[in-house]
Amino acid sequence: MPANMPPSALLDVRNLRVSFPARGQMIPIVDGVSFTLNHQDILGLVGESGSGKSVTALALMGLIDAPGVQVTGSVCFRDQELVGMPQKKLRHLRGKEIAMIFQDPMTAFTPVYTIGWQIDEQIRAHERVSRQQARARTVKLLGDMGVPDPERTANRYPHQLSGGLRQRAMIAMALSCNPSLLIADEPTTALDVTVQAQILELIRSLRDTHHSSILLITHDMGVVAETCDNTMVLYSGRVAEYGPTSALFASPSHPYTAGLLASIPPLDGPRPLRLPAIAGAPPLPQNRPAGCAFSPRCPYAHTACTTALPPYIATGPDHFAACVLPQEGTPLPTRIRNELVQESPQP
Amino acid sequence: MKTSGKSAPILDVCDLYKTYRLPRRQELKAVDGVSFSVMPGEVLGIVGESGCGKSTLGRCLLKLTPATSGQVLFEGRDITHLPERTLRPLRQRMQMVFQDSYASLNPRRRIGDLLAEPLKVHPDAQGHKRSSAAIATRLQELMELVSLPTTALARYPHEFSGGQRQRINIARAIALSPQLIVADEPVSALDVSVQAQIINLFADLQKQLGLTYIFIAHDLAVVRQISNRVAVMYLGRIVEIGDADAVLHTPAHPYTAALTAAIPRPVTGLARPVPLQGDVPSPINRPSGCRFHTRCPYMQTRCQEEDPILHPIDDSGHEVACHFPLSPVASATHCNG
């Protein structure tokens, strides 16, 4: 489908749709998601639970094998079409070219083998190296990821490590074949804040040390603001807004992004008496309303929102929103909590 | 720790310990000498990382888990040694809200039945058994208080979203008009937009019904939004306690400073602080001296030997357990990276 893909894009996703069968109907959980990820870029994928973030990631990896699932659209990775690629070919890419880190490193590792054994196995599955060579690389990787005493840690079982160390080992495993794309699905959600800060710093550094592009999936707007170059906000399986992180956070163009940012209790500055919460809850994919999926909760909703899908239009350089407001000439007020921005020291 | 004044504290905790025996004669001190008091109508937030003992403390306060030693005085009465039968009338005055809104509701019972149960078990203020008409009226009131439609009473827990289920749990907790509610991570399983609704509901009910909360959470921003005072726990002990904004904006304990600095702000362009190194040590063999010294950037020899006790640093009730507390200026710069 995409004929003129810019040469810098590593991953180009066009109109990705993932539908699950339920009660004789096909229900699009991910409904027409498009985005590009450039080389050495960190893209944040944010949204609430059920917004389709993880399904998007699994679809990119070709990891959805539930019976009857339909994946349509196009996922172009280094000029190769991943949608419809046979599993045998995909297996060469997975782990080598595209690697994934999951939220829970305890369940992602096999509990019956040592950490080192599992990383060795991944290296030996993709490259013809001896056990000793593989182990040497494993130990070096673990060391690079900040694991203390990597030689001994490699001989330990997953349950013997702390959550932070397990996540470091997971990242080491993901990087073992120098993938050009790393998909991290909620990599720090299960960790405490002080450990989260360490892991986020490690993930940021991978761009320089391993020249990786990273797709970071999270529900935490704070994590995105600290880590990502670009941000994509998903709502009910559709892209609500996409833009450079700083622009998106400073002046969100979609009412959902604005509402999401406003409803986070502030840690600095004065305390609001009440939090400006978004009323209601996201719709279930099977009862998505006609028109904009956010319209039942949106304070700016009017007839244009409930009749047709909102246009996906540019609201700034490389900044897009799926909303009728910018087109109608009524942009959103800039960030509600401006005092937060003012208080922050200049970097 | 006793607060003097005209009103007495609703909850007074003195030197509370909870030790779990483990195989091979090991001991896990989940709560390791905690003392604090809470005044009626106050909201005390308890924050800390996983394994710091905040949930165990919450359960010990209501005697859902028996404490190993120490006292919990509820309205001046020691409840730690009361037999369950004597404790039961007091139970209606202290309630709990848990994190997992689904696990706390029996999936096979309708919401109306779930909420009616405490009203059937406990007699009303005059000591009479409640009539079914009185129960029905109370259920209507409760639904209104937590902003759910009355039709919800005839439905089952699985028919609700996480936020709505947490509203039901809150309705059940306030059914018997308690004075004290211990909420253990009540919003951490919810999405931010829904989380804000539930935090607002907690705040509204607190004002409307004059409730006292012990609000346990790992999210400092959530705790600050709702609390008057905040206690920071590390490895079973309170390391800092005081006015919410004072503790979070001018922390005196290096751990509080590191914790507030490590939280990612939803704002771009901030300078990133140096993250704290290492993991929380195991509570089974916690470090000697100050329990934070293994990760503390200001550690000195005294910290390795002597366990600091909680002491006031000003007259506003701000207390810290540190030999070398940060000065307000130093901590403010630390926090801003």
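Annotations
- Summed residue charge, Cβ within 12 Å of B:GLY58's Cβ, Lys/Arg positive, Asp/Glu negative: +2
- Neighbours of A:TYR256 by Cβ distance under 10 Å: Lys/Arg scored +1, Asp/Glu scored -1, total -1.
- Of A:LYS96/A:LYS140; B:LYS18/B:LYS63; A:LYS89/A:LYS140, those spanning more than 22 Å from alpha-carbon to alpha-carbon: A:LYS89/A:LYS140
- Cα-Cα P(r), segment B:100-175, percent of pairs per 5 Å interval: 3, 17, 30, 25, 14, 7, 3, 0
- Proximal aspartates and glutamates relative to A:LYS53, as straight alpha-carbon distance under 13 Å, when same-chain residues fewer than 8 apart are discounted: A:ASP31, A:ASP185, A:GLU186, A:ASP220
- Choice from B:GLY236, B:GLY48, B:GLY127 showing the highest fluctuation, given a GNM over chain B with Cα pairs closer than 10 Å: B:GLY127
- If you model chain B as an ellipsoid using its alpha carbon gyration tensor, with each semi-axis the square root of five times an eigenvalue, the axes come out at 37, 23, 18 Å, biggest first.
- Mean sequence separation of contacting Cα pairs (under 8 Å, at least six apart), scaled by the length of chain A, corresponds to a relative contact order of 18 percent.
- Dipole of chain A computed with +1 at Lys/Arg Cβ and -1 at Asp/Glu Cβ about the Cα centre; of A:TYR113, A:MET232, A:PRO299, farthest Cα towards the positive end is A:TYR113.
- Overall Cα dimensions of segment B:1-115, principal axis frame, Å, largest first: 49, 44, 31
- When the Gaussian network model of chain B links Cα atoms closer than 10 Å, the mean-square fluctuations of B:LEU248, B:LEU270, B:LEU220 top out at B:LEU270.
- Kirkwood-based shape ratio for the protein assembly as shown, expressed as Rg/Rh from alpha carbons: 0.97
- Averaged over peptide B:277-290, the number of partner chain Cβ atoms lying within 10 Å of each residue's Cβ comes to 2.
- Dividing the helix sum by the residues of chain B, where each DSSP H run of 4 or more adds -39500 (n - 2.57), gives a mean residue ellipticity at 222 nm of -9000 deg cm²/dmol.
- 9 Å beta-carbon shell around A:ASP192, net charge (K/R +1, D/E -1): -2
- Note on chain B: dipole from Cβ charges, positive end direction compared against B:LEU235, B:PRO325, B:ILE135; the farthest Cα belongs to B:ILE135.
- FRET efficiency, 1/(1 + (r/R0)^6) with R0 56 Å, evaluated for B:PHE324 and A:ARG91 via beta carbons: 0.50
- Dimensions of chain A from C-alpha coordinates, computed as largest minus smallest value along each principal axis and given longest first, are 66, 49, 40 Å.
- Using the Cβ-Cβ distance between B:ALA134 and A:ALA136 with R0 set to 60 Å, the FRET efficiency works out to roughly 0.20.
- With every protein chain in place and a 1.4 angstrom probe, the accessible-area ranking of A:HIS92, B:HIS253, largest first, reads A:HIS92, B:HIS253.
- Principal axis box of segment B:51-159, alpha-carbon based, largest edge first, Å: 46, 38, 23
- This model, with +1 at the C-beta of Lys and Arg and -1 at the C-beta of Asp and Glu, gives segment B:147-231 a dipole about its Cα centre of some 200 debye.
- Note on B:ASN106/A:TYR113: beta-carbon distance plugged into 1/(1 + (r/R0)^6) with R0 of 41 Å gives a FRET efficiency of 0.50.
- Centroid-to-centroid separation of segment B:185-201 and segment B:80-110 [C-alpha atoms, Å]: 21
The values are calculated or read from the model by the stated rules, or taken from the named source; none is laboratory data. Bear in mind that the values here come from a model prediction, so they are computed numbers and not experimental data. When we count neighbours, we look across all protein chains shown, and the Cβ atoms used for this are built from the backbone with ideal geometry, even at glycine. Only protein heavy atoms, including side chains, enter the accessible area calculation; ligands, DNA and RNA are left aside. Shrake-Rupley method; radii C 1.70, N 1.55, O 1.52, S 1.80 Å.
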